[in-house]
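The values are calculated or read from the model by the stated rules, or taken from the named source; none is laboratory data. No experiment lies behind these values; they were computed from the predicted model shown. Using ideal geometry, Cβ is built from the backbone for each residue, glycine included, and neighbour counts are taken over all protein chains shown.
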Amino acid sequence: MALPSGRRPGSNRKAQLGLFAGYLMAGSGALLGAVLLSLSLFRPEAFAGLRSMAADFASPAGEAGAGGRVASQNVFDAIAGYYRAGSRNAELRDEMRIARVKLAEAEAIRRENLRLKAVLRLADGETRPIATARLIGSTAASTRRFAWISAGRADGVRPGMPVSSPLGLIGRVLETGQRSSRVLLLTDPESMVPVRRATDDVVAFAEGRADGLLRLRLINLGINPIKKGDVFVTSGSGGLFRPGIAVALVTALTRDGAIAQLLSNPAATDVVLVEPIWQPQAVAASQAPSIAEAERADAEETASVIAANPATDTGSRSAPEVTPVVEPQSGD
Amino acid sequence: MSRRAVIDSVVSRVRTDGPSRSINRTQSPIRALGVPWGTIMLASLTPWLPIIAPVPILPPFGFMMLIAWRLGRPNLLPLWAGFPLGLFDDLFSGQPLGSGILLFSLALIAIDLIEIRFPWRSFWLDWLSAGTLLLLYLTATTLFARVPLTDLQVQLVGSQLLFCIVLFPIIARTAALLDRLRLQRVRRID
């Protein structure tokens, strides 16, 4: 079709000016966008408040949808269940018989465990979840992997807290709103979690790949000890995630590690738990201070050491050991 | 400007329904002006669909809806519409704030220039320009998200792009359907 009449100003001065003003406004809009973009690239947390407010506003719709997702899954499960009821029943009866035995054994082990812990005088390190929530949305069109959960500051959720399902770790809280919060999923390219093999102490980093899998990178290079089917759990270093939360199952080996599948697929998860930060002091310490601050603290410390024992050389003082930062605080 | 004039400026050359149903009925100015904005914003709310995606599978519906409306009805959206609509999209898309504002604004300007260069557009030209814009949009959003462009990432974004291009005519038809809804004469003239 031809140009609409408004786009052909001809010799009409007013129309020409109007057209020019339109371009001017659009251009300045784009320019403003570029400025905001560079601002939020350098300071990812800059517009957190605005985003959380919007998420709070839209979260009721997401919650309704999440209910629908679970309900529809249940309907399909129920229909599928009818087709395989007979064989399923027999299978389950067998499994049940075995499970009863295992349960008895597990009970015995639990008691033994309690007794041994009492002997060692270990405190019971049970962590209580801060809140239970639903996964209500995810950035399905973007290359970043964020999700929203239906719990926020009002429920005690704070940035940095781990989010897990009964099957394993899902991610950690990035921004909190009043009733909803944004979660950085494990599969996000900027997510990195320290993990170890469940059976021994092979340590690695689990990095997100954009395709829904994780890439495990060994810390100690050498012969790759990982085998297909190995399960990796959080190692607890860095202090953010408590040790022993299941993370991933190895599906393929690479030169410096492995490719692993998430154990708790967020898409199939209904309810998630928000847990407290495991070692808040360690995390606070690992928030690397700025160079100027560190230098100032260093100078003060040196001065105090010199004041305390002027005879000794400052070079021999024992600097406090700082655990290396393993958890980059990435925003978007 | 009176209400009559507002409606006339928007619907000057269109009568979508036959005379029998439109006797003593008129269009509502709120619907006539608000439906494009509303549907683009609704499409930007894709992240709140009950899908927790492990990979970027869904197309950027907000951006596609914007292009579809702009190509289908050149006079409806002002040139500066990229700013508010992009801002709204940024709040939910997971991209760093500002990427939507910039890209939506640039897309509107680009379509404007295409329109001046090729005044007589056709379905194929529309599809081609939409496809090119989507290619640029997806590449730019990936770069703005600071995701390293590995082979894997290129594959993922490439398949997303193919899906978007195939889907675009359907989105354009949806916008056209919504356009009829926009101009439906339901309000009785007293």
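Computed quantities for the displayed model
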read-out: Residue count for region A:29-43, restricted to those that are over 21 Å from B:S44 (Cα atoms) and either at the interface with chain B (Cβ under 8 Å from one of its Cβ atoms) or crowded, with 22+ Cβ neighbours inside 10 Å (or both); value: 4
read-out: Output for region B:83-132, where each listed residue is among the hydrophobic types (A, V, I, L, M, F, W, C), more than 15 Å from B:G72 (Cα to Cα), at the interface with chain A (Cβ under 7 Å from one of its Cβ atoms) and touching a residue at least 12 places away in the same chain (Cβ under 8 Å); value: B:F83, B:F92, B:I101, B:L102, B:L106, B:I109
read-out: Selection status of B:P36, within 7 Å of chain A (Cβ to nearest Cβ) and crowded, with 17+ Cβ neighbours inside 10 Å; value: no
read-out: Selected residue [without any contact (Cβ under 8 Å) to a residue 40 or more places away in the chain, buried (at least 24 other Cβ atoms within 10 Å of the Cβ), within 14 Å of chain B (Cβ to nearest Cβ) and not hydrophobic (A, V, I, L, M, F, W, C)] from A:S180, A:S142; value: A:S142
read-out: The listed residue being modelled with pLDDT of 90 or more, in contact with a helix residue (DSSP H, G or I) (Cβ under 8 Å, 6 or more places away or on another chain) and hydrophobic (A, V, I, L, M, F, W, C), out of A:I149, A:I136, A:I170, A:I130; value: A:I170
read-out: Of all residues in region A:205-250 being loosely packed, with under 14 Cβ neighbours inside 10 Å and not charged (D, E, K, R), the one that is nearest to A:G160 (Cα to Cα); value: A:G244
read-out: A:G29 in a helix (DSSP H, G or I) and either modelled with pLDDT under 85 or on the phi > 0 side of the Ramachandran plot (or both); value: no
read-out: A:R172 vs. criteria out of contact with any Asp or Glu (no Cβ under 8 Å at 6 or more places or on another chain) and part of a strand (DSSP E or B); value: yes
read-out: Given (1) in a helix (DSSP H, G or I); (2) of a type outside the set (S, T, Y); (3) within 7 Å of another protein chain (Cβ to nearest Cβ), number of the condition B:L135 does not satisfy; value: (3)
read-out: Residues located in region B:100-132, provided they are aromatic (F, W, Y) and assigned to a helix (DSSP H, G or I); value: B:F104, B:F123, B:W124, B:W127
read-out: Lone unmet requirement of (1) surrounded by 24 or more Cβ atoms within 10 Å (Cβ to Cβ); (2) in contact with a strand residue (DSSP E or B) (Cβ under 8 Å, 6 or more places away or on another chain); (3) at the interface with chain B (Cβ under 10 Å from one of its Cβ atoms) for A:V193; value: (3)
read-out: Meets criteria (among the hydrophobic types (A, V, I, L, M, F, W, C), within 14 Å of another protein chain (Cβ to nearest Cβ) and in a loop (DSSP other than H, G, I, E, B)) for A:A210; value: yes
read-out: Residue match in region A:119-128 (condition: touching a residue at least 40 places away in the same chain (Cβ under 8 Å) and touching a strand residue (DSSP E or B) at 6+ places or on another chain (Cβ under 6 Å)); value: no
read-out: Tabulated pairs, region A:37-64, first under 26 Å from B:A140 (Cα atoms), second surrounded by 15 or more Cβ atoms within 10 Å (Cβ to Cβ) and of a type in the set (S, T, N, Q), C-beta under 6 angstrom, 6+ apart or interchain; value: A:L37/B:S99; A:A46/A:S40; A:F47/A:S40; A:A55/A:S180
read-out: Yes/no for A:V163 being buried (at least 22 other Cβ atoms within 10 Å of the Cβ) and β-branched (V, I, T); value: yes
read-out: Number of the exception - B:L161 against (1) buried (at least 21 other Cβ atoms within 10 Å of the Cβ); (2) closer than 16 Å to B:L103 by Cβ; value: (1)
read-out: Number of positions in region B:141-165 that are of a type in the set (S, T, N, Q), touching a helix residue (DSSP H, G or I) at 6+ places or on another chain (Cβ under 9 Å) and without any contact (Cβ under 8 Å) to a residue 40 or more places away in the chain; value: 2
read-out: Any hit, region A:83-103, residues being over 30 Å from B:L49 (Cα atoms) and β-branched (V, I, T); value: yes
read-out: Some residue of region A:56-68 being over 24 Å from A:V271 (Cβ atoms) and more than 10 Å from chain B (Cβ to nearest Cβ); value: no
read-out: Residues (away from chain A (no Cβ under 12 Å) and within 26 Å of A:S38 (Cβ to Cβ)) located in region B:138-178; value: none
read-out: Region A:252-286, residues that are away from chain B (no Cβ under 14 Å) and either of a type in the set (A, V, I, L, M) or in contact with a strand residue (DSSP E or B) (Cβ under 7 Å, 6 or more places away or on another chain) (or both); value: A:L253, A:D256, A:G257, A:A258, A:L273, A:V274, A:E275, A:I277, A:A282, A:V283, A:A284, A:A285
read-out: Residue within region B:61-71 that is without any contact (Cβ under 8 Å) to a residue 60 or more places away in the chain, farther than 16 Å from B:L42 by Cα and facing another protein chain (nearest Cβ under 10 Å) present; value: no
read-out: Failed item in (1) touching a residue at least 24 places away in the same chain (Cβ under 8 Å); (2) on the phi < 0 side of the Ramachandran plot; (3) in contact with a Leu (Cβ under 8 Å, 6 or more places away or on another chain), with A:P159 passing the rest; value: (1)
read-out: Residue, surrounded by the most Cβ atoms within 10 Å (Cβ to Cβ), within region B:39-58, restricted to residues that are out of contact with any Asp or Glu (no Cβ under 7 Å at 6 or more places or on another chain) and either more than 7 Å from chain A (Cβ to nearest Cβ) or hydroxyl-bearing (S, T, Y) (or both); value: B:I40
